[in-house]
1. Summing +1 for each Lys or Arg and -1 for each Asp or Glu, what net charge is found among the other residues whose Cβ lies under 10 Å from the Cβ of A:Asp316?
2. Take A:Leu773, B:Leu173 and order them by how many other Cβ atoms sit within 10 Å, fewest up front.
3. Whole-Hz ³J(HN,Hα) for each residue in region A:602-609, computed from phi via Karplus 6.51 cos²θ - 1.76 cosθ + 1.60 with θ = phi - 60°, x for glycine and proline: what do you get?
4. From the phi angles alone, apply the Karplus equation (6.51, -1.76, 1.60; θ = phi - 60°) to region A:702-710 and give each ³J(HN,Hα) in whole Hz, x where the residue is Gly or Pro.
5. Within a 10 angstrom radius of the beta carbon, how do A:Val296, A:Val403 rank from fewest other beta carbons to most?
6. At 222 nm, what value in deg cm²/dmol follows for chain A if DSSP H runs of at least 4 each add -39500 (n - 2.57) and the sum is divided by all its residues, to the nearest 500?
7. How much of the DSSP bridge set in the protein assembly as shown is antiparallel, in percent, rounded to the nearest 5?
8. Is there a pair in A:Lys739/B:Lys201; A:Lys259/A:Lys660; A:Lys228/A:Lys686; A:Lys467/A:Lys796; A:Lys125/A:Lys795; A:Lys512/B:Lys126 whose C-alpha atoms are over 32 Å apart, and which pairs would that be?
Amino acid sequence: MSENNHLKNLLNNKMQRRTFLKWSGAIGIPVIAGGIGTKMLVDHKEETKKAVAKDNEKIISTCSINNCGGRCVIKAHVKDGVVVRVSTDTQPGGDLSTPPLRACVRGRNYRSLLYHPDRLKFPMKRIGKRGEGKFERISWDEAIETIASKVKRIGDKYGPESRYVNYASGQSWGLHGGKSAARKLLALTGGYLNARNDYSSGAGNVATPYTYGTNNSGSSFDSLLHSKLIILWGQNPSEMIFSTPYREYLMQAKKNGTKIIVIDPRYTDTAIAFADEWIPILPTTDTALMDAMGYVIVTEKLHDQAFLDKYCIGFDGDHMPDGVAKEESLQNYLLGEKDGVPKTPEWAEQICGVSAAKIREIAREYANTKPAALIQGWAAQRQAYGEQFMRGGAQLACLTGNVGKLGGWAAGTGYWSRSDIVYPFSVENPVKASIPCFLWTTAVEKGTEMTATDGLVGTDKLTTNIKAIFNMAGNMLINQHADINKTRKLLEDESKVEFIVVSDLFMTPSAKYADILLPGTTFFERYDIGVPWCFGDYVVFGDKTIDPLYECRDEYDVFAEIAGKLGVKEKFTEGRSTLDLVKESVERTKKELDPNFPTFEEFRKQGVHHFKYDEPLVGFKDQIDDLEKNPFETPSGKIELFSKALWDMNQHEEIPAIAKYISSWEGPEDPLINEFPLQLISWHYKRRCHSTYDNQEWLEEAAKQEMWLNPNDADKRGIKNGDRVQVFNERGSLLIDVKVTPRITPGVAGIPQGAWYTPDKNGLDQRGSVNVLTSQRPTALAKANPQLTNLVEVKKA
Amino acid sequence: MTLTKSIHTQLQPFMQSRQNFYKILYSLFLDPTNEEILFEIGTLVNFGELEEFHEGGGILACFFAQLTTENYRLEIEEYHRLFVGPGYLAAPPWESFYRSKDHLLFDDCMLQIRDQYHQFGLKFIKENNEPDDHLLLELEFMIHLSDLCLQPSETDEILELISSQIHLHQEHLSIWIPNFCDRVIDHTKSQLYIGAAMLLKDFINYDLASLLEIREALANV
Ligand code: SF4
């Protein structure tokens, strides 16, 4: 048999026997299969040669614009239009004036943000019931047309106050983004209801200025190299990055021999990395500990009387504001001379669980070690009476005279900033009415009934409830707002909010509630400039590394087009693209703020700019050096330990004029604890930035979603490490795995915040999304979120 | 010359049949939205003839026998849930997802298949906007290569083209498509997509084996 015959046999016999082919040889083929109109592979002849000569890998420096306090140099290695690898700042450490800005564990996952298969890829409209998650793909034209007509219709029908841009932080600390784009559009077409404050330091932002006149009470991190003692009170910079280089300074301080104390209900990663001592405490009782420290300091005469006399109002009877009785002084309160309760360590021990001996010890240590930095995190102010915690810390800093001194720290909210850039994209809203951002659900439900007591300002009364919401790159629409079940009901009622636009990268729990859902861009696909939170002397260039994937678009461009439909495009863009905004910011920063600022090309090439200073910034140094010339920005010009403005509000129980421990609802002294015996807190988890990245599998491997419970509490309930449990209270119920660990205070359960709400058919959350358990009751003064104030019970699932 | 011609002619039915098969698979995995595609397949293709020897064929026969406008809509929904989104994709239809360490798109294997397109003078119309390694693109590429085999050419060329298809199988299709099909089968209750996945998985296997045999035979011609 010849070889040719062999082939013949193979084809005729063996092949013929293959029924598959016999079958397919005889069938009709749908026209569409490989038809001209459907071909996706097109001729590439001319470019073949060029394509063979491969692109070399290019490294493009950029930075992420999420709501992380840090801002890191992210280097995209781009080949043939694809980001093949991501690396970070390679600059060596050592020189603290130009600290390396290296990505954290989340940053190592950034490529997966870009190339995750689940990215939203095209615009959509809702087709099911709101929240059900059913959508249909639409064209950009339809999306833009729909938004334009709804914006107009709802504005015409209810007035501009019916339109609201929800607090959202998925894109922040850049020059442009969905939130500003939506606000600009609304501002140019009649206006929108304003929102103030935030969910991060909401109570503090309102409270601290009553003491200091400002929230800028912090000092630059290099000042910590001069501290002898650092107390991190509820602050966890190892996981919750406040500024990329912060930890580097803490490490250096530690090396210098500075003692570091961490006060926290959990033995955090920060405590592990930095602390000489961990002081566990019950949530909501921090101010009791502060009061007792104050008591010790004052009764043992360790306080800085000269400082208090010169700079402060309200420490003792001789320094009270006009018209207020001497008895109302801070000293009187601490000694219990008016209320009959001396704030002794023994008194506090009963409340906060820290032993009286330990309280005495740290009070003495703090008062005697000069200079000392008491730095407050914001966890303890996301509590029912968070304002007291924030002012209480400032009070201790004043008692010990640590304000305005190198190596000291004024406590309070603690922002600091001395390096700025120009933000060329600005919004002027013709509507003046403003609500605290945490009360947006109230404004949906009964906005027209809100008054000044609810924090409404700019108007006496709202003319309408919120009817349209723009939720741009944020998860506050349901996941990150308190009391998910309550919010869900509100949003499901389509007669309340009539129109919801969401823009995001993924189908987040909030995105499910969209009527129109837009696919946004990652930072790899846009131009921007990133600055850290209010801490840090650097800015990072956010270069566009590739064109937007799929049909994703920058919100700036989308809203510019909507503006076009409504006849205000020119006012919206002023002829500028996002790249123009970046260029303008650089040019104007150089011209208006800092001649040493690099040019656009230099900045792009360097990827980062470090602002250089000869000496540390010390919060309130000017005031302390020369009070006459530089008074505090308070009504009295001094530090107001006693605030007359608060006093005049006449709600002394919940809004005292001096910082006081107030026994908290859903705290350890609330009788409800008999029914729900565990205090539940949450924390910012290293695997997420708030709720961003929760869907990233690799990060779940790095740190899984699990609840911490002390062995005592676990034993009582027959719970073992790794068990799945149900956590519940009157507001909701969730399932989560447990980590049984002595790293959390007995009586306290801790769930990392930000997990994506994943209800089963009965509404039982399967993912451990903490906000099914949190409350919408706002804090007393700021009307801020009390999301770390909860009582719950836990049982085996 | 006559010999060459005859090889080409001899191979013709085989090449045509497998191309048809790829076209059917391609059509089964097309987005059914806005098209009457499923009705068209149902009319043109009798899966009943496959029933006896292939489970997937049987399932598809059943499915098409019962296809109505009403369940058409459900299949569209299911297609989107599995392959399009929005949201979590139960069975992402891109090679990179199955081959990259972190289940991402736009991975190395995508750049490699892009290279292959380029070598054949082709380019994905949405290059660098969407991934080049979507199931439908790779099938379209296979259909294209088999088309070239159908055009009269020298034995050497035919051999080379067959080798290219084997290469495409061994470097791409046969590596990831079986995993993709398993994932579809595990994640859906749709008769259409279970059947289609079973058929795709087996045909890919079978086609590679056939091509290898043919190449061996041709090499000896
Ligand atoms: S999450 Fe923050 S610290 Fe981590 S890489 Fe991104 S910007 Fe840097």
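1. That sum, taken over residues with Cβ under 10 Å, equals -1.
2. Fewest to most other Cβ atoms nearby, the residues stand as B:Leu173, A:Leu773.
3. Working through the residues one at a time gives 5, 4, 4, 6, 6, x, 8, 10 Hz.
4. Coupling constants for region A:702-710: 5, 7, 7, 6, 8, 9, 8, 9, 6 Hz.
5. So the ranking, lowest neighbour count to highest, is A:Val296, A:Val403.
6. Theoretical 222 nm ellipticity from helices: -7500 deg cm²/dmol.
7. 50 percent
8. As for pairs spanning more than 32 Å Cα to Cα, those are A:Lys739/B:Lys201; A:Lys467/A:Lys796; A:Lys125/A:Lys795.
No value in this document is a laboratory result; all are computed from the given coordinates. This structure is a prediction, so every number in the text was calculated from the model and none was measured. Glycine also receives a Cβ, built like all others from the backbone with ideal geometry; neighbour counts cover every protein chain displayed.
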